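The values are calculated or read from the model by the stated rules, or taken from the named source; none is laboratory data. Please read these numbers as outputs of a predicted model, since none were measured by experiment. Here the Cβ is made from the backbone with ideal geometry for all residues, glycine too, and neighbour counts use every protein chain on show.
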Amino acid sequence: MIQDKKVVFSGVQPSGNLTIGNYLGAIKNFSRFSDEYKTFYCVVDLHAITVRQVPADLRRRTYETLALYMACGLDEKKNTLFVQSHVPAHAELGWMLDCYTMFGELSRMTQFKDKSQKHAENINAGLFTYPALMAADILLYQTDLVPVGIDQKQHLELTRDVAMRFNQAYGDTFAIPEGYIPTDTMKIMSLTEPTSKMSKSDENQNAVVYILDSKDDIIRKFKKAVTDSEASVRYAPEKPGVSNLMTIYRAFTGKSLEDIEREFDGKGYGEFKLAVGEACADGLAPVRDEFARLMADKAHLESVMKAGADEAAYYARRTMSKVRRKIGFVN
Ligand code: ATP
Ligand code: LTN
């Protein structure tokens, strides 16, 4: 709690082009907290280097991720928007929390297991301790609520465990955060392999719809989406492809699953997929336009990230002085 307001924190890695999974699962929900909460939305570049990045791409994507936050409705006057590496306290508390996070706990993280398989040539220590840095991000701001997709649930539980362990050892230091996981869109699936998560680092371009894809590309990708041979628009566990398309259509139109089943009753998948593609492209059009406008003014983006970092650093300092004192570091 900061100044009587509850605190929201979330982050997105500038590690690739953002997808409609990032949009529907996370960013689209961020702006709903702007009025009633003190909100911190961070571009987590320190996390992104757990996987090898091309420096020029990392720099460009850091600007792009910030611009996308704003294009998705986050007003810089109502939200603290900043870049993780601009507030050194993240790395500092990250190190300290490494020392309160167990090897066994980190070994059980499914994201670590997945990413070590995918990047077998670069299983670095940062990839392993990634969740302790994420805990630092969250705990630095005395966060109450963390909006994320379901894939981050395990990391959030670890964050809570670490915070409780620290509080138990030293007395109340950190607020214990809760996740805010949207039930409707918590896991958008790949279009080509609908039993796995749509991921911005997928190599298959047809599997992933990017927020900034053109209307033509979006429609083409949905046309190619994997479905099944039953030819009926119905939401069911044995129909992961169709169910995923229905989830996306629902998110962009606000229609219920029953309405959607009725709308496409007796119609083929061709018509259905076109409707999903159009709804998605039209829903994203304002975001794309606003993004282009924002990216044309780098100086403004830089002033937003500077002001955000100053504001974040102020709150981070308050937590850090408490933590230093409790651990026993000389002032
Ligand atoms: P990567 O593929 O590089 O691991 P990612 O696409 O999972 O990245 P992150 O930056 O790790 O993206 O995640 C940003 C936010 O988007 C997180 O809150 C995450 O839970 C959410 N998110 C990512 N993919 C999806 C998805 N397919 N469905 C719903 N939410 C998602
Ligand atoms: N681990 C998250 C990104 C992330 C995050 C955070 C999300 C880093 N720090 C703090 C919420 C709160 C991911 O991979 N999606």
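Output yes when any residue across the range 80-98 is more than 14 Å from ligand 1 (Cβ to nearest atom) and within 30 Å of Gly254 (Cβ to Cβ), and no when none is.
yes
For the range 72-79, state whether one or more residues are over 20 Å from Val208 (Cα atoms) and either part of a helix (DSSP H, G or I) or touching a Gly at 6+ places or on another chain (Cβ under 8 Å) (or both).
yes
Which one is nearest to ligand 2 (Cβ to nearest atom) among residues in the range 1-11 that are surrounded by fewer than 24 Cβ atoms within 10 Å (Cβ to Cβ) and hydrophobic (A, V, I, L, M, F, W, C)?
Val7
Consider Tyr130 carefully, then state whether it is buried (at least 17 other Cβ atoms within 10 Å of the Cβ) and in contact with a strand residue (DSSP E or B) (Cβ under 6 Å, 6 or more places away or on another chain).
no
One residue is enough: does the range 147-159 have a residue meeting the conditions free of Cβ contacts under 8 Å to residues at least 12 places away in the same chain, within 16 Å of ligand 2 (Cβ to nearest atom), within 26 Å of Cys42 (Cα to Cα) and not aliphatic (A, V, I, L, M)?
Restricting attention to the range 147-159, the residues satisfying the condition of being free of Cβ contacts under 8 Å to residues at least 12 places away in the same chain are 157.
When the remaining residues are screened for being within 16 Å of ligand 2 (Cβ to nearest atom), the result is 157.
After this cut, where a residue has to be within 26 Å of Cys42 (Cα to Cα) as well, the list is 157.
Filter again for not aliphatic (A, V, I, L, M), leaving 157.
Looking for residues that are free of Cβ contacts under 8 Å to residues at least 12 places away in the same chain, within 16 Å of ligand 2 (Cβ to nearest atom), within 26 Å of Cys42 (Cα to Cα) and not aliphatic (A, V, I, L, M), one finds at least one in the range 147-159, hence yes.
Does Arg61 qualify as being away from ligand 2 (no atom under 12 Å from the Cβ), within 27 Å of Leu191 (Cα to Cα) and either modelled with pLDDT of 95 or more or touching a strand residue (DSSP E or B) at 6+ places or on another chain (Cβ under 6 Å) (or both)?
Yes, satisfied.
When you check Arg52 against the structure, is it more than 16 Å from ligand 1 (Cβ to nearest atom) and within 26 Å of Glu121 (Cβ to Cβ), yes or no?
It is false that Arg52 is more than 16 Å from ligand 1 (Cβ to nearest atom) and within 26 Å of Glu121 (Cβ to Cβ).
Could you tell me whether Val8 is hydrophobic (A, V, I, L, M, F, W, C), over 17 Å from Ala71 (Cβ atoms), over 10 Å from the mean Cα position of the chain (by Cα) and in a strand (DSSP E or B)?
Numbers: hydrophobic (A, V, I, L, M, F, W, C): yes; over 17 Å from Ala71 (Cβ atoms): yes; over 10 Å from the mean Cα position of the chain (by Cα): yes; in a strand (DSSP E or B): yes.
Taking the combined requirement at face value, the residue satisfies it.
Against the condition buried (at least 21 other Cβ atoms within 10 Å of the Cβ) and assigned to a helix (DSSP H, G or I), how does Asn244 come out, does it pass?
Numbers: buried (at least 21 other Cβ atoms within 10 Å of the Cβ): yes; assigned to a helix (DSSP H, G or I): yes.
Judged against the criteria, Asn244 is a match.
Of the conditions (1) buried (at least 17 other Cβ atoms within 10 Å of the Cβ); (2) more than 12 Å from ligand 1 (Cβ to nearest atom); (3) more than 25 Å from Ala48 (Cβ to Cβ); (4) not acidic (Asp, Glu), Arg220 fails just one. Which one is it?
Condition not satisfied by Arg220: (1).
Please verify whether Asp137 is surrounded by 22 or more Cβ atoms within 10 Å (Cβ to Cβ), of a type in the set (D, E, K, R) and within 16 Å of ligand 1 (Cβ to nearest atom), treating the condition exactly as stated.
Yes, satisfied.
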